[in-house]
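Note sheet for the following structure.
The values are calculated or read from the model by the stated rules, or taken from the named source; none is laboratory data. Small disclaimer: the values here were computed from a predicted structure and weren't measured. Cβ coordinates were reconstructed from backbone atoms using ideal geometry, including for glycine residues, and neighbour counts include every protein chain displayed.
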Amino acid sequence: MFRGNSLYCKSQLAVRVIVTASLLLALISYAFFPLPAFAEEESEGVKGTGGSHEEVIDITADEVRYERKRALATASGNVAVLFKSFRITGDYAEYDESGAVVAISGNAKFEDTREGSVFAADKIVFLLEEEKMEAEGGVSLRYKGGQVLASGDRLSYFSADKRAIVEGDACVEIAGKMFQASVITIFLDEERVVAEGGTRTVIPRDE
């Protein structure tokens, strides 16, 4: 009876030592090699729509066609192309996937929803990677609810430095002041213009 109790106690002690050693080993392993699920935060590009790091081109239209070999998507009828804070609408669009270029025509309109810029033209070409826009044919610009208005035959817009260049019978209005020239460069955030070639400026006197 005594030998059985002694053997039982020894076995119980051995089990406790093994369990304790296992727990210590697990804690040490976790300290030096934490599990990825707990050691790392959610990786970039996996977040939901609210904070996605993945750049997505969203195209809606009455009809969309895609040619994988040419890496070309075409859309027609009530076209809307969304990318970051940019929205481009019109009657017909082509998206060159290899060159990351969107060309839209027919009642074309380009909006930078973050900056409050709206451009309208016969045709608009947007370079996604450079965030640069080229517009031609009856171009008009409205910036931040009309703080800056512009029109001309052609317009280039550079989102990075909020700069627009209007060419061909260019006209710009800022705070009631009118500028006309062959080429007008507008620094939108600064509300500053540089007019070149046959310039005419109308500045009303303050009342």
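Pick from the stretch 177-207 the residues that are out of contact with any Lys or Arg (no Cβ under 9 Å at 6 or more places or on another chain) and more than 16 Å from residue 152 (Cβ to Cβ): which of them is modelled with the lowest pLDDT? By that ranking, first place goes to 207.
Per the listing 123, 144, 132, the residue uniquely of a type in the set (Lys, Arg), at pLDDT 95 or above and surrounded by fewer than 19 Cβ atoms within 10 Å (Cβ to Cβ) is 123.
Pick from the stretch 151-168 the residues that are small (Gly, Ala, Ser) and in contact with a Gly (Cβ under 6 Å, 6 or more places away or on another chain): which of them is surrounded by the most Cβ atoms within 10 Å (Cβ to Cβ)? The residue in question is 152.
The set of residues in the stretch 159-168 that are among the charged types (D, E, K, R) and part of a loop (DSSP other than H, G, I, E, B) comprises 161, 162. Number of residues in the stretch 169-193 that are surrounded by 14 or more Cβ atoms within 10 Å (Cβ to Cβ) and either part of a strand (DSSP E or B) or not assigned by TED's automatic domain parsing to the domain that holds residue 136 (or both) equals 16.
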